[in-house]
Every structure is written in C-alpha cells, then in structure tokens.
Amino acid sequence: MNRREFNKSFAVSLAALGLGGVPAIARKPAPQFSITMDDFHWHNAVKLTATDRNQAILDTLHANSIKAALFVIGRNIDSDEGKQLLSPWDKAGHLIGNHTYSHRNYNASDAVIEEYEKDILRAEALLKDFPHFRKYFRFPALKEGDTAARRDRMREFLVTHGYRNGYVTIDNSDWAIDQRLTTRLKKDASAGVKPYRDFYMEHMWARAEYYDALARRVLGRPVKHTVLVHFNLLNGLFLGDLIAMFKSKGWQPVDAEEAFTDPVFTSKPNVLPAGESIVWSLAKEKGTIPKSLRYPAEDGEYENARMNKLGL
Ligand SMILES: [Zn+2]
C-alpha cells in the first residue's frame, strides 16, 4: 500500500467509525426531500413521445432508488392509453394520488362545491383499482378555498372520504419554464435545451432554499420536503439533473410516502385564501413574517423577467 492508498483507506476506516471530518454529534442533519409530481399530462408530447417521457421519468426515479408520488388528473387516465402509461408507475411502487378528474381551481368564482366533490370521486373511481393508489389529495394549483366555509367544507369532505391533503412544501414554477421550452421547440425543433435546464436548476434551488429556511423559522425544525414538479418535458429531460443537484447540496432523497409521515402534513392552517405551500400557509398563520409572503406564493409571472433576460 502506497501513501496515497494508505491515506484513502485510513479515511474510509475513520468514516466507518463516524470519525471522519466533523464530529458526528455536531453534524447538522441533511435536509430530506421527496419528489411529488402532478397532473400526468401526456397528450402534450414535444421532443419526447408520451411513452418516452414516461419512461425517462420512471428510469430516473429508479436509478435514484426513489419512490415518488404521482398526483393524477382523472381525465388523463380515462382511456386505455392513459391507463397503460400509468401502470408502470403502479408496478414500480410509486404512490398514486388523486388530483381531481378535470383539474378545476377551487378558488375560481364559478367553482360549485358539489361539482368539485363529484370531480374528486370521479377521479377516485378511475384510480382505486391501482394497488398503489393511496388516499392523498392534492388541490389543483394548490387552491384550498377562499372562504372559511368553502375551505372547511372541503376539509370535512376529504376526511369523510378517508383522504389526507397531499401538501407541497417546496412550491415553484417548473410549469412556466416548461411552457417556454415547449413553445421554443414547437417553433424550432433543433433549439438548444441547456439554457432551460440551467434556469430550471437555478429556480428550483432558490425555491428550495427559501421554503427550507421558512420551514425552519416557522416550525423551529427541518421538515421532510415534498418538492412539487410536473409531468412535463422539462422533467422528462432534467429530473435526473434536479435530483443530482439536490444531492450535490447535501440533501437526502426519501420516498414520498416517508415524507408524508412528517407531522407537518396533518396541519390545518387557519388562513385565507387557503392553500399554497403548507410552509407558506403556516408562516402566514403565524403572522410574524408577512413581508416575505407574496400571493400567489409562486407564479410564472415572477419568473418572466429573468426568463426574458436569459432569452428563454
Ligand atoms: Zn395540477
């Protein structure tokens, strides 16, 4: 064994004993994150076919040994093709959740409560036979009600039907970057995708740092994060880079079902309008840090100036 090999093996032995570098007791626990993916829109295939996008995302999760949660819009699996695309998610053991049948915004002025409830049950009828369907519900656009009566009625409805809220902790606008990317590719199929990737990483890390710091401030502890992403081309191409970035920052991936065991997800913040990230809602409820709480918490509009500047 030469000196270099000796040093390396000595470091490995120290690490095995928990003695490498910073003493174990002083080490800050690594932030934990899970992947929770919304919509399952596969009709809008650009660059990758629906099947290729589906496979790319599943392969990325498999390569990282991550079980995600997929919040499915019922109408997207109301066909043989849709069901066939969802089946490998179920077989791979990813959590399948309910995201309504037709993706209505509960805070929209014309949203009728009874119709919204039927829309949830209509999605459930299509999802319930998938063995990995679990009763987690995610509100489209994270909008949970704009009056106390509407918010509380839906909370009661979900409990009655055995659902938990599939809250997001790290909200963001991945969908807005995807819109720019697909618009560009429709105009010019050979356009470079790297600038979109780079901005996606920059944006996601900024949102992750923001919500992680907010969670620690509001709860006095770290949370097991649920990162919101969408089933889109952006993630068909770059979900692997996103996971690698989080890991490179020292964050540890966990399965979505494990993340949802964090007690933060049983909170019912008393705020209006209700919704957005659960961390945002709890911060608003606490009321001590209102200045950092814009509404909506996230929107593509906030990213337009930067995306324009980057020529995206
Ligand atoms: Zn959605």
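Nothing in this text is a laboratory measurement; each read-out follows from the coordinates by a stated rule. All values reported here derive from a predicted model rather than from experimental measurement. With ideal geometry, Cβ positions are generated from the backbone for all residues, glycine too; neighbour counts draw on all protein chains shown.
Summary table below
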| quantity | calculated |
| --- | --- |
| Candidate lysines - alpha carbon under 28 Å from Lys186, same-chain residues fewer than 8 apart omitted | Lys47, Lys83, Lys194, Lys309 |
| Rounded FRET efficiency, nearest 0.05, which uses the C-beta distance separating Lys83 from Lys118 and R0 of 25 Å | 0.75 |
| Alpha carbon centroid spacing (whole Å) that separates the stretch 264-312 from the stretch 98-159 | 20 Å |
| Charge tally in the Cβ shell below 9 Å around Ser102, where Lys, Arg are +1 and Asp, Glu are -1, Ser102 excluded | +2 |
| Karplus-derived HN-Hα couplings along the stretch 46-53 (A = 6.51, B = -1.76, C = 1.60, θ = phi - 60°), whole Hz, x at Gly and Pro | 9, 6, 9, 5, 4, 5, 5, 5 |
| Contact order normalised by residue count of the chain, Cα under 8 Å, 6+ apart, percent | 25 percent |
| Gaussian network model of the chain, Cα within-10 Å springs - most flexible of Ala45, Ala191, Ala297 | Ala191 |
| 15 Å beta-carbon shell around Thr147, net charge (K/R +1, D/E -1) | 0 |
| Spin-label model distance (nm) - Glu202 vs Leu48, 7 Å beyond Cα toward Cβ | 2.3 nm |
| q = 0.11 Å⁻¹, the chain: log10 I(q)/I(0) [Debye, one scatterer per Cα] | -0.72 |
| Loop-located trypsin sites (Lys or Arg not before Pro) in the stretch 247-285 whose Cβ has at most 16 other Cβ within 10 Å (DSSP) | Lys249 |
